[in-house]
Structure formats: structure tokens, C-alpha cells
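Here's the structure we're looking at; comments come further down.
The values are calculated or read from the model by the stated rules, or taken from the named source; none is laboratory data. Bear in mind that the values here come from a model prediction, so they are computed numbers and not experimental data. When we count neighbours, we look across all protein chains shown, and the Cβ atoms used for this are built from the backbone with ideal geometry, even at glycine. To get the accessible areas, we keep the full protein, side chains included, count just its heavy atoms, and leave off ligands, DNA and RNA. Shrake-Rupley method; radii C 1.70, N 1.55, O 1.52, S 1.80 Å.
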Amino acid sequence: MRGRIKRNLRMVRVLINLRLQNLMMFRLGFFGPFFVDSCVFLVQLCVFEVIYSNVDRIGTWGKGQMILYIGTFSMINAINMVIYFFGINGIPDKIKNGDMDLYLTKPGSPLLRLTFERINPGSVPLLFLSGVIISYGIKEGGIKITPILVLGYVFWVAVMAVLYYLVEVLIRSFTFFILTSGNTIILEEAGLTLCMQLPGIVFYGVYKVIFYVILPYGIMATIPVQFLTGELTLSGALWGILVAAAFTILTAFVWKQGIRHYNSASS
Amino acid sequence: MGLRKYLEILKIFIKTQLAWRGDSVIQILFSLTKILFASLLWGTIFAGRDEVAGFTLSSMMSYYIISSFLTQLDMSSKVSMEISQRIRNGTFSKYMVLPVNIQGYFVAMEMGMVLFHLIIYFITSVIWIFVFRIKFVFTPDPAIVAGIGILILLGLFFMAQLNYYLGLLTLKYEEIGLFLMIKDNLVAFVTGSIIPLTLLPEHFLWIMKAFPFYYVTYLPSMLLIGRLKGELGMGLLALSCWCVVLQAVIHVTWQNYRIKYDGVGI
């Protein structure tokens, strides 16, 4: 077990080195994802600044909580952009044109390779920007920070970043079974667009089922914020862990079945 | 005779849309996202009050239905993307050899796309009104509606001009794709398609009035829900002036930069 972890870590290090060498050759648009994504979150910040200049609360949340929510979603998105998005996003094309053969024949886990082979250091400033937004939210919300709160918050952000990754892999793994996963990726995009703008506390009824269970973007930034503001209930925390565990099992199962189902340049 | 060429282009693009039906479905899905966003956000906010910045929940939702419809109709961002990509890969020559004015070609193209989608998006908007049980607020004055129609057409033309101009900048700056992505996000905010601009502080609103984006989506939407009636004339005048100014800028830009195009791509 220890040997396997060591081997995988060495592989991750090699993949990161290769990616950095590649980026040095193709410098065009290095900071592109940073500019585009930071613009999205800054506009969102402006939108809620404007709304809160007209109302004092949205549901039970004040301005500080909403800024924290935007900062947290931005942080999870930044982790996604820096580490795995660009690798995972290419899965459907690799399945369709048969490039997955290459990953299956190489030593090491194909998913591990896909996850880390296209890290994007150009998005690192997004992490700092998210940190600034989170600090602003903490100040605005008058939250007193303790080491326990910081550790708990980091834990929840890490869990939700993994959940984000699992959902991305799961959605793209459908390409193993159907000709194109384009429609599911569009659904993902629509769900993400909505949940980036709306905290989980506004969902009810069928919307809650969709965004808490099926496409759990509704809980991704909500739970870390609720933890930081002391609003997270035990049932809420258990639900967050349960969803992350369920998606881990589901994604692992679908991925393994997909690899078995894959018959080279089948499409 | 001259106009007939553009009419043919328009007809071709109406037919082309039939091959790209999937795009309409995606647009409809994103319009649903927008209405759902408005319904959940403003539904929660209005749960504790009757009015926000002069809006009731009905008028707010009506605003989103109309602004979402108008935002969908503006398909001009495809123009800047198309021009930019063609210049970058050296195939913009395709448009240069056509016996038509290139800008006229793109305006006719957008008109074809808009005409095809007009009915679809209208029906979708009506469906959203029923699905989300919106008490739709609409101005009853036919004269105002006619004026708004002109304002909307001017707005669509202005956006087509703007995107054509931005596309042409590729002749000089080579890589503008990143800027175009950022532009789309900013335009969504300043045209009032994310939130009504009236929620902004008063002095910001005055600054916005000096720019054309105020008149593209926000003002027509507000007029159609029966507000800001006094601003229609001003809107028509301001947007017409912006169209004239931008046309002059396009002319100068094209004359200066077209010689930089070598047709081999980057």
C-alpha cells in the first residue's frame, strides 16, 4: 500500500514537471483562465453588493455570509482550475477518438494521469483572489476566527473540492456508454452557473432534491460557509459527508465499468 | 438590387439555423437557469417585503422574463468570434472576396438568426410565465410598444456593430479571444440582464446613461413593464448617436487595419 502511494506521488510529480515544461513552450494565454474566472466572481460580488444596498438579508443570510459564499465558491473553482479541470475536461474527446488507449497502456492509473497531467499554474492567482474575497466576507460578517474554525473550514473546502472533482469525472465518464456526454456537460454548466450565484439556503422542494442530491452544487460552498458562521447543523454536516462518500463510490464504480466497456476507437 | 443580396444571405441563415437546432435547446436551458435564478433569489427576498426599489415580485419577474428574451435575441457575440477565428487562421479572405459589404453580410446573418429564433424564444418565455406562475406586467400603450420595438432593433444593431468592431481588432492585436470572453460577462452586467440597473446607486445610474448598454436591454425591459416611460425619446436619440459614432469608428478601423491582413493565419 505504502509503495503504491509512493509510486503514485512520484508519478504526480513527474506529470507536474512535464506540464510546466509544456507551459513554458506555449505561453500564450497563460493567465487566461485567471482573467476570465476572476471577472465572473468579481461581477458576482458587484451584483450582491448592489442587492444588499437595497435589502438587508436574503433569507437568513446577511451581506457577510453572501460574500463568504462567493469567495468559497471561487476558492473551490480555483482549486479545480489549478489542479484537475483541464485534464478531466478532455476525457470525452479522448474516449471518442480512441486516445484513451494510450492512457490504459501506460503504467500507473489512467485517472490519476488524467487528473494531474494538465495542471494550470496560470490559475494560481485565483486562489489569492478567493482568499481576499473570503477575508472581506469574514470582516463584513464580523466573524471571530479561531484555529478550530479555520481547520474546519479548510476541511470542508477540501471535501467539497473533491466532490466537485468527482461530479466532473462522473459526468464525463458517461461518454464511455453513450456517444456523447455533451448534454450532461451542458446540464453541469447550467447547474454550476445557477449555484455559483445562489446559496443552498434558497433551494426548496424539487430544487433541493436536484441541487442537494443529483447535482450537489447547492451544498458545495454552502456547507463551508455554514460551518464558519456557526450555522451548520449535525444533520447538515452528516449530509455533506454522506453525499461526498456516495459520489466517491458512484464515480469509482462508473469509471471502472466505463473502462471495461471501452473498446478503443469505438465511436 | 443591392438589398436583395442581403435578403438572400438572411434567408440562407434562417435555413442554416435548422441544422443547429441544438443551439436553441442550449439557449432555452440557459434562459430557464436565468428565470430560475430570479425566481429563487427574488422569491426569497420578497418573502419578507412587498417592494424593492419600486419593484413588486410580479414586476421583477416580468423584468427578468423580458430581459432574458432580449438577451437571447442578441446573438452578435458569434460575429466577433467568427471574425476573430477567421482572421487568426487566415480564412477571413472568404468574406473579402464576396461581392457584398462585409459588415452588411454579418448584419444580415444576425437578422437571419434572430428571425429564426424569435418565435421559439417568444413561446419559451410564455411557457416560463405559466410554469413559474408569474403575474406578468406589461405596458398597455401600443405607441410606447412601437417605440420600444425601434429601440430594441437599434440595440440589436448596436451590439452587432460592437461585435463586428471587436472582431476587426484581431487584425491589429491577433489574440482577442480572452477579451471577448471577459466582454460577454461584463456586458451581461452593464446591460442589466443579471439585475435591473435601477438597483444601482443613483450616481452610477447617471454614468450608465451616458453609455449605450443602458439602452440595449435594461431600458426596453423597463419600458415594457410600464416604467421609465419618459426615457423612451432620450433612449432612441442616445442609441442612434452611439450607432453613428461606432459606424464611423468601424470605417476608420477597417481602412487602417485591413492592409494588415495577409491571409496566412497565425
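General observations
- Threshold 30 Å² - residues in the range B:146-181 whose accessible area is reduced by that much or more when the chain is no longer isolated, probe 1.4 Å: B:178
- Residues listed by number, the range A:101-117, amide nitrogen under 19 Å from residue A:264 label point at 7 Å toward C-beta: A:101-107
- Accessible area buried at the A-B interface, both sides summed, 1.4 Å probe (Å², nearest 100): 2500
- Projecting label points 7 angstrom from Cα along Cα→Cβ for residue B:211 and residue B:245 puts them 1.2 nm apart.
- Unit charges on C-beta of K, R, D, E only; dipole of the protein assembly as shown, Debye: 1460
- Accessible area in the full protein assembly, largest first, 1.4 Å probe, for A:156, B:206: B:206, A:156
- With a threshold of 24 Å on the Cα-Cα distance, the over-threshold entries among A:6/A:94; B:15/B:94; B:34/B:78; A:144/A:208; A:96/B:15 are A:6/A:94; A:144/A:208; A:96/B:15.
- FRET efficiency, 1/(1 + (r/R0)^6) with R0 56 Å, evaluated for residue A:235 and residue B:122 via beta carbons: 0.80
- Of all accessible heavy-atom area on the protein assembly as shown, the percent that carbon and sulfur account for (1.4 Å): 69
- Under-5 Å amide H pairs with residue A:232, H placed in peptide plane, nonlocal only: A:227
- Electrostatic bookkeeping for residue A:136 treats Lys and Arg as +1 and Asp and Glu as -1; over the other residues with beta carbon under 13 Å from its beta carbon, the sum is 0.
- About the centre of its Cα atoms, chain A shows a dipole size close to 1120 debye [charges on the beta carbon of Lys, Arg (+1) and Asp, Glu (-1) only; nearest 20 debye].
- Two-site label geometry, residue B:12 and residue A:21: point separation in nm, points 7 Å out along Cα→Cβ: 4.8
- Distance in nm between pseudo-label sites at residue B:186 and residue B:202 (7 Å out along the Cβ direction from Cα): 2.8
- FRET E, pair residue A:143, residue A:56, Förster distance 25 Å, beta-carbon r, rounded to 0.05: 0.90
- Relative contact order of the range B:2-260, defined on C-alpha pairs under 8 angstrom at six or more residues apart (%): 27
- Mean ellipticity per residue at 222 nm, deg cm²/dmol - from DSSP H runs of n ≥ 4 across chain A, formula -39500 (n - 2.57): -23000 deg cm²/dmol
- Over all Cα atoms in the range A:153-267, the spread is summed up by Rg and Dmax: 15.4, 52 Å.
- The 1.4 Å probe gives accessible areas that order B:111, A:75, largest first, as B:111, A:75.
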